[in-house]
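Novice: Got a structure here, written out as structure tokens. Questions coming.
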Amino acid sequence: MHQTAPFCRDTLAGSRRLRPHDRNFLLPGRAFLVCFPLMRLLRCRWLLCSLLLATFAAAQGIPTPAQYFGFAMGADRKLARYDKIVAYFHDVARQSARVKVLDLGPTTEGNPYVVVIVSSAATMKNLDHYRDLERQLYFQGGEPSPAQRDEIFRDGKAVVVITNNIHSTEIGSSQMVVDAVYKLATDNSAATRTILDNDILLLIPSQNPDGQIMVTNWYDKYLGTPQEGGPLPFLYQKYVGHDDNRDMYLFSQRETQMLGKLLWHDWFPSVWLDEHQQGMTGPRMFTMPATDPINPNVDPLIYRLNTIYGQSQAAALEAEGKTGVIFNATYTNYWEGALAWAGWWHNEVGLLTEAASVRIATPTMQAMAKPGATPIAGPAPRRGGGFAAAFASPTAILPAPTDINSRTEYPRPWMGGKWTLKDIVDYEMTATFALLQTAAQRREELLHNIYDVNARTIALGREGKLGFGDRQPSYAAIIPLAGQQDGNEVRDLVAKLEEGGVEVRQATAAFSNDGHSYPAGTFVVPFAQVFGRYAKDMLEKQVYPLVRRAPNAPAEAPYDVSAWSLGMQFGVAVNFAHTPLPSDFTSASVAHPGFRLNAAHGSGGWRFAYTGVTGDEVINRLLREGLSVHLAAASGAAPAIASAAASAAQWRQATAGFTVDNATLPAPSSGWTIHQPRVGMYQSFTANMDEGWTRWVFDHYGLAYTTLHNADVAAGNLHARFDVIVLPDQTAQSILKGNNWPALPEPYRGGIGDAGWNALAAFVRDGGELVAMGNATNLLINKLPIGVQDIKHTLSREQFFGPGSIVHLQVDTTNPVGLGMASGTWAFYINTPFFELTNGFASQTTAVAARFPNAEVNASGWLRGESYLVGRAAVVTVNLHPGKIVLFGIRPQHRAQTRATMPMLFDALYWSAAQR
């Protein structure tokens, strides 16, 4: 028998006492309430009750996660796969007025990338209105009027985005969200109603759906074997693996592109939580705040709010008796690039949780620490560690925790014991709902806080005072097209800024600033905009603050890279307006007609200026057409020239997407004629992210290649199939021996071994070319008789350490690996070798293609022992006659960001198929 829901009775009879005859209209045994004219005072309550009744009735048909999946979320050795999770959310949305599922587009491998929107039924009916209020909070369309501002504070919602499972082996959050959505869709407690009435949740169930499916399939395949819960031997995202959380300003991957559009073009959420997992042996969960240093371009109130909301999560965990909760550890407040971190410069509260891991869904057992034991000296292992022990076997006992010192940021340390996927789900569920509850309770205060930060950002930008510690004011960034090495990288830099929500203007008339004259068409990024902090941080030089735990202690190294200055990485010179732009400055929004190509047509075909990596895209298309391409080095003021005897149809195909500008270019001179190189790309079974990024670069710029695994290399006869083989950044030991964990299936163990190395050596003797990047260069230096020495491996970490900085680079543009390059540019350095030439054989020709300058090597970021780089070689070519070697100490394609040096990688490949 249907009855009026108890919560509906409470709603009607609660805030104002009904008269006895009014209560008679609550009719037991009916699924509805009767309304008469005399009850118009209850009209608002009627509406609320009808909405609640609809939700109540729908909730009766929503299956629990256990009913739908056949097991509870977090059950040992059970995983819900992404596609079924999405199907469940669609089922819930069909039955609940509180839930909506939007498919934002296909992922890299064609799976749906969805956002689940959750709020009260009343809010969901007017979702566009509340989104408009949130957009106004972020000054979209201009500064809100006083009336609009008051409406935002009165009626606006706390818009919270939660991203999950970007790192696919950190799979717990993709399971937790199922329980979270079910609870929000069906629970009618006062706490949940508070969340629904005050929050709008934008939930990304997996930021890497492809990887979630991959990991689930891998785990299920080896369930019940000695390989249960073992590591994947390949990247869990097609191209970038763990580095998918390093793409939040380049937006190279589809998933980050869709997320960026949701965040900074559509919804503009005020709070962002990103849920992760860390190592197995340390604390059970990290919550905000992170540790020093802080970034000067972030509004200080954002750091304070991070603490308030992060500590609300920690307090909720402590209240439930959960141990091992830590803050102010491992992760720093300085670095751009990760997901929620990027929110700070967008004036968003940005939070991170890191739960301790298990073997995917298999529990771990950890030896117990001894209470009262002497705390370890020095910091705890980063991210908890324990993976090597866990990969020994599914039943391996992990070593006891070493950080058991109770203190403010870690009051109840984890002492060891059993840890399960259900523990992860429970911790994350508590942290998630604590955040939602706090945001709901502080809704109006949050809106005031964010409004103030946005208004202050614009005001300080107008005064040239964004950030703190700057020696002179900065009002805008000025990015001229004229005088740049490659105008296409200027255009792409502007496009990347716009993807991050930055407003870029283009001058409609010539203007002057700080003694410089700029023509019409110059790009200008005013800092008096709501995302001015982000724009400034993206474009200026990073100066990493030194952090010392004691006056005489060594400076602590950054958690990740210490520099990201995107103009430098793109090879684009950016000027800063240290005085206000002139009062008669006029500008327009930026039109994006696409890339341009300066070209000329003559009797010998087409020739064009080869000044950057977009030129490589055209060259690769011509080579795929079966054409030969002639490359001539830059000479004087003339750029490097690429030319080909292409037909009109072939030229149209090669330049599709480019606007071709007729230009006066010199006739082709002596140089190199190349045909399409046969490229082999070594892919180990160690899930090498540098290999993945290299594949992305090749695919993006249209270079054909073949992937080589260990057995392919060891099979030999390589020169019959390849002109050049690429060894991405990987240690020599890892290339030769790979991984040999018992938890890794037999076919994926080991490296190329002696047979593989002998095959590579024979390949060079037969005339093939080896291109080694980063630490892979040591394989060739140590095993081949060449006159090159790696200096870095002779230095201790205390003497030299470069966790990721941008450096100045000098290039020999007449070297076959330096074509299309600027003679002076920037490169990315990240703890990789740098070289000194030694005595080589007379039969070899060894040359330095690029070097670090004799002074002022570091351009942006943190670098210990900079003097060791001074004057050293960064890129070396060795012609063994007939074989060739190219040693890249720098990463020329680092995370696909280093457009300035990317042509050198393509040049190295062309050299393998070149004739002088």
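The values are calculated or read from the model by the stated rules, or taken from the named source; none is laboratory data. Predicted model, so just to flag it, every value in this text is computed and none were measured. Don't worry about glycine lacking a Cβ; one is built from the backbone with ideal geometry, like all the others, and counts go over all protein chains shown. Ligands, DNA and RNA are stripped out before the accessible areas are found, and what is left, the full protein with its side chains, is counted by its heavy atoms. Shrake-Rupley method; radii C 1.70, N 1.55, O 1.52, S 1.80 Å.
Novice: Taking the options GLY372, GLY337, GLY378, name whichever one is closer than 30 Å to LEU250 by Cα, part of a loop (DSSP other than H, G, I, E, B), at pLDDT below 90 and out of contact with any Ser or Thr (no Cβ under 6 Å at 6 or more places or on another chain). Please lay out each step first, then the result.
Specialist: On the way: GLY372 fails: closer than 30 Å to LEU250 by Cα; GLY378 fails: closer than 30 Å to LEU250 by Cα.
Among GLY372, GLY337, GLY378, only GLY337 is closer than 30 Å to LEU250 by Cα, part of a loop (DSSP other than H, G, I, E, B), at pLDDT below 90 and out of contact with any Ser or Thr (no Cβ under 6 Å at 6 or more places or on another chain).
Novice: Next question. Exactly one of these conditions fails for VAL807: (1) touching a Leu at 6+ places or on another chain (Cβ under 9 Å); (2) surrounded by fewer than 19 Cβ atoms within 10 Å (Cβ to Cβ); (3) closer than 15 Å to GLY571 by Cα. Give me its number.
Specialist: Here VAL807 clears every test but (2).
Novice: Filter the range 563-584 down to residues that are touching a Phe, Trp or Tyr at 6+ places or on another chain (Cβ under 7 Å) and either modelled with pLDDT under 95 or outside any loop (DSSP other than H, G, I, E, B) (or both), then give me how many there are.
Specialist: 4
Novice: So, one more: Is it the case that some residue within the range 341-358 is modelled with pLDDT under 95 and either hydroxyl-bearing (Ser, Thr, Tyr) or in the same structural domain as ARG412 (by the TED database) (or both)? Explain how you work it out, then say what you get.
Specialist: Kept after step one, since they are modelled with pLDDT under 95, are these residues of the range 341-358: 341.
Imposing the further condition that a residue be either hydroxyl-bearing (Ser, Thr, Tyr) or in the same structural domain as ARG412 (by the TED database) (or both) reduces the set to 341.
Yes: the range 341-358 contains one or more residues that are modelled with pLDDT under 95 and either hydroxyl-bearing (Ser, Thr, Tyr) or in the same structural domain as ARG412 (by the TED database) (or both).
Novice: Oh, and also: Among the residues of the range 704-724, which ones are assigned to a loop (DSSP other than H, G, I, E, B) and either touching a helix residue (DSSP H, G or I) at 6+ places or on another chain (Cβ under 7 Å) or hydrophobic (A, V, I, L, M, F, W, C) (or both)? Full working, then the answer.
Specialist: So the first thing to find is which residues in the range 704-724 are assigned to a loop (DSSP other than H, G, I, E, B), and the list is 704-705, 709, 715-717, 721-723.
Answer for the range 704-724, where residues must be assigned to a loop (DSSP other than H, G, I, E, B) and either touching a helix residue (DSSP H, G or I) at 6+ places or on another chain (Cβ under 7 Å) or hydrophobic (A, V, I, L, M, F, W, C) (or both): ALA704, TYR705, ALA715, GLY716, PHE722.
Novice: With the structure loaded, tell me whether VAL215 is open to solvent by less than 10 Å² (accessible area, probe 1.4 Å), outside any loop (DSSP other than H, G, I, E, B), under 18 Å from VAL101 (Cβ atoms) and touching a residue at least 60 places away in the same chain (Cβ under 8 Å) or whether it fails that test. Walk me through how you get there before you give the answer.
Specialist: Values: open to solvent by less than 10 Å² (accessible area, probe 1.4 Å): yes; outside any loop (DSSP other than H, G, I, E, B): yes; under 18 Å from VAL101 (Cβ atoms): no; touching a residue at least 60 places away in the same chain (Cβ under 8 Å): yes.
It is false that VAL215 is open to solvent by less than 10 Å² (accessible area, probe 1.4 Å), outside any loop (DSSP other than H, G, I, E, B), under 18 Å from VAL101 (Cβ atoms) and touching a residue at least 60 places away in the same chain (Cβ under 8 Å).
Novice: I'd like to verify a number: residues in the range 835-873 that are closer than 14 Å to SER805 by Cα and open to solvent by less than 10 Å² (accessible area, probe 1.4 Å), how many? Give the derivation first.
Specialist: Filtering the range 835-873 for residues closer than 14 Å to SER805 by Cα gives 852, 856-866, 869.
Now drop any that are not open to solvent by less than 10 Å² (accessible area, probe 1.4 Å), which leaves 852, 857, 859-860, 869.
Counting residues in the range 835-873 that are closer than 14 Å to SER805 by Cα and open to solvent by less than 10 Å² (accessible area, probe 1.4 Å) gives 5.
Novice: Only one of THR706, THR664 is under 30 Å from ALA632 (Cα atoms), open to solvent by 60 Å² or more (accessible area, probe 1.4 Å) and modelled with pLDDT under 95; which? Spell out how you get there, then give the answer.
Specialist: Numbers: THR706 fails: modelled with pLDDT under 95.
Of the residues listed, the single one that is under 30 Å from ALA632 (Cα atoms), open to solvent by 60 Å² or more (accessible area, probe 1.4 Å) and modelled with pLDDT under 95 is THR664.
Novice: Considering the range 874-893 alone, what residues qualify as being within 17 Å of ASN839 (Cβ to Cβ), in contact with a helix residue (DSSP H, G or I) (Cβ under 7 Å, 6 or more places away or on another chain) and either assigned to a loop (DSSP other than H, G, I, E, B) or open to solvent by 10 Å² or more (accessible area, probe 1.4 Å) (or both)?
Specialist: Within the range 874-893, just LEU880 meets the criteria.
Novice: Now, a different point. Residue check, ALA743 against (1) open to solvent by less than 20 Å² (accessible area, probe 1.4 Å); (2) more than 18 Å from THR846 (Cα to Cα); (3) among the small types (Gly, Ala, Ser); (4) in contact with a helix residue (DSSP H, G or I) (Cβ under 6 Å, 6 or more places away or on another chain), all met but one. Which one?
Specialist: (4)
Novice: Here are VAL543, VAL561: which of them is open to solvent by 10 Å² or more (accessible area, probe 1.4 Å) and among the β-branched types (Val, Ile, Thr)?
Specialist: Values: VAL561 fails: open to solvent by 10 Å² or more (accessible area, probe 1.4 Å).
One residue alone meets the criteria, VAL543.
Novice: Same structure again: Restricting attention to the range 482-507, which residues are over 28 Å from the mean Cα position of the chain (by Cα) and open to solvent by 50 Å² or more (accessible area, probe 1.4 Å)? Show your work before the answer.
Specialist: The first filter runs over the range 482-507 and keeps only residues over 28 Å from the mean Cα position of the chain (by Cα), leaving 482-483, 506-507.
Those that are over 28 Å from the mean Cα position of the chain (by Cα) and open to solvent by 50 Å² or more (accessible area, probe 1.4 Å): ALA482, GLY483.
Novice: If I go through the range 247-306 residue by residue, how many of them are part of a strand (DSSP E or B) and closer than 29 Å to ASP492 by Cβ? Even if it seems obvious, please write down each step before you answer.
Specialist: Applying the first criterion (part of a strand (DSSP E or B)) to the range 247-306 yields 271-278, 285-286, 291-294.
Okay, now just the ones that are also closer than 29 Å to ASP492 by Cβ, so 272, 274.
Final tally of qualifying residues: 2.
Novice: Do we find that TRP672 is crowded, with 22+ Cβ neighbours inside 10 Å and either within 30 Å of ALA743 (Cα to Cα) or over 21 Å from the mean Cα position of the chain (by Cα) (or both) in this structure?
Specialist: Working: crowded, with 22+ Cβ neighbours inside 10 Å: no; either within 30 Å of ALA743 (Cα to Cα) or over 21 Å from the mean Cα position of the chain (by Cα) (or both): yes.
Against the criterion (crowded, with 22+ Cβ neighbours inside 10 Å and either within 30 Å of ALA743 (Cα to Cα) or over 21 Å from the mean Cα position of the chain (by Cα) (or both)), TRP672 does not qualify.
Novice: Working carefully through the options ASN347, ASN328, find the one that is buried (at least 24 other Cβ atoms within 10 Å of the Cβ) and either touching a residue at least 12 places away in the same chain (Cβ under 8 Å) or of a type outside the set (Lys, Arg) (or both).
Specialist: On the way: ASN328 fails: buried (at least 24 other Cβ atoms within 10 Å of the Cβ).
One residue alone meets the criteria, ASN347.
Novice: Let me ask something additional. Please go through the range 450-466 and pick out each residue that is assigned to a loop (DSSP other than H, G, I, E, B) and surrounded by fewer than 19 Cβ atoms within 10 Å (Cβ to Cβ).
Specialist: As a first pass, look at the range 450-466 and keep what is assigned to a loop (DSSP other than H, G, I, E, B): 463-466.
Result: GLU463, LYS465.
Novice: Sort out which residues of the range 809-825 are in a strand (DSSP E or B) and closer than 21 Å to ASN775 by Cβ, and write them in order of number.
Specialist: The answer is LEU809, and nothing else.
Novice: Between a residue in the range 736-747 that is of a type in the set (Lys, Arg) and any residue that is open to solvent by less than 40 Å² (accessible area, probe 1.4 Å) and assigned to a loop (DSSP other than H, G, I, E, B), which pairs come within a Cβ distance under 8 Å, given they are 6 or more apart or on different chains?
Specialist: Taking only residues 6 or more apart or on different chains, the pairs are LYS737/GLY751.
Novice: Separate question: I'm checking my understanding of the structure. Among residues of the range 519-539 that are in a loop (DSSP other than H, G, I, E, B) and open to solvent by less than 10 Å² (accessible area, probe 1.4 Å), which one is nearest to PRO269 (Cα to Cα)? Let's see the steps before the verdict.
Specialist: So the first thing to find is which residues in the range 519-539 are in a loop (DSSP other than H, G, I, E, B), and the list is 519-522, 527-531.
Then keep just the ones that are open to solvent by less than 10 Å² (accessible area, probe 1.4 Å); that gives 522, 527, 531.
Details: THR522: 32, PHE527: 21, PHE531: 13 Å.
Top of the filtered list is PHE531.
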